[in-house]
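The values are calculated or read from the model by the stated rules, or taken from the named source; none is laboratory data. Nothing here was measured: the structure is a model prediction, and the numbers come from that model. Because the Cβ atoms are built from the backbone with ideal geometry, glycine has one as well, and the counts that use them run over all protein chains shown.
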Amino acid sequence: MERLNRERTTAVEVSRKAKTQSLTGAVTLIVSRVKNSAVRYCSQQNFGRRLIVSRVSVSEIEKLNSRNNAQVMNQVVVYVLAALIFILILGYGYKAINSFIEKGRVVQFDVFKSSLETEVESIRRDYLSVRTAELSLPPDFTTLCVVDSVESGLLQTSHPLLFGSWLTGSENVFLLPVHKQLAPLKLPNIEVYDAQKRRGYFCLDQVRGIISLQLQGLGDRVKITPFANS
């Protein structure tokens, strides 16, 4: 009887041990599976985070490139506008300078014309009086030619172009080079003699921009000759 009880007790203990081991193994298996699931979940979360970070980085790079391209385009536009403004200013300045120079030429020519006419008219009726007139020749010219109102002398041979203009009766005073002369010049009722006292015409080169003439009043006309020191 006692032996049977011991065997039963032993069987019960063995059964308890088996159940305990089985329960321990099940718990271990469950823990292992939970751990693996947790690891996989964490891995998926990390991959997602990396994917999000990667997408954010690509987006930021695209935005940065877009901003850089916009800045480059803005700089190009600024340079083009600056170049256009510079060209406009240069063109306007060139026209303004040319206009200013042209006006200066007109003023200088008008001053010379007025001075010459004034000198001649002021001595016309002062019979036999003699005066030296010094006139500033405009910078564009080097020579003054004056032709008699009646006789041209050797003008046709020496200066055929001037002779043709003199024949028209519209001018008898010429500034050389003649193509730069802005308007015809005419002195009425003048007698013209050259340095050899030949009547007809004379041409006189400027000296430091000055032309010196000798004028003599003859009542109704004026005698004009080159000044002796010219």
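Determine, yes or no, whether Ser165 is surrounded by 16 or more Cβ atoms within 10 Å (Cβ to Cβ), of a type in the set (Gly, Ala, Ser) and free of Cβ contacts under 8 Å to residues at least 40 places away in the same chain. Yes; evaluated as a whole, the condition is true for this residue. When each of Leu90, Leu137, Leu175, Leu84 is tested for being among the hydrophobic types (A, V, I, L, M, F, W, C) and modelled with pLDDT of 95 or more, the lone residue that passes is Leu175. So, in region 97-142, of the ones that are out of contact with any Leu (no Cβ under 8 Å at 6 or more places or on another chain) and β-branched (Val, Ile, Thr), which residue ends up nearest to Leu187 (Cα to Cα)? Per the criteria, the residue is Thr118. Here is a check on your reading of the model: is Val77 in contact (Cβ under 8 Å) with a residue 60 or more places away in the chain and part of a helix (DSSP H, G or I)? Taking the combined requirement at face value, the residue does not satisfy it.
Tallying residues that are surrounded by 19 or more Cβ atoms within 10 Å (Cβ to Cβ) and more than 49 Å from the chain's Cα centre (by Cα) within region 179-192 yields 2. Of all residues in region 190-216, those satisfying the criterion of being over 22 Å from Phe109 (Cα atoms) and not in a strand (DSSP E or B) are Asp194, Ala195, Gln196, Lys197, Arg198, Gly200.
Exactly one residue out of Leu154, Leu144, Leu204, Leu176 is farther than 13 Å from Ile224 by Cα, surrounded by 15 or more Cβ atoms within 10 Å (Cβ to Cβ) and touching a Phe, Trp or Tyr at 6+ places or on another chain (Cβ under 9 Å): that is Leu176.
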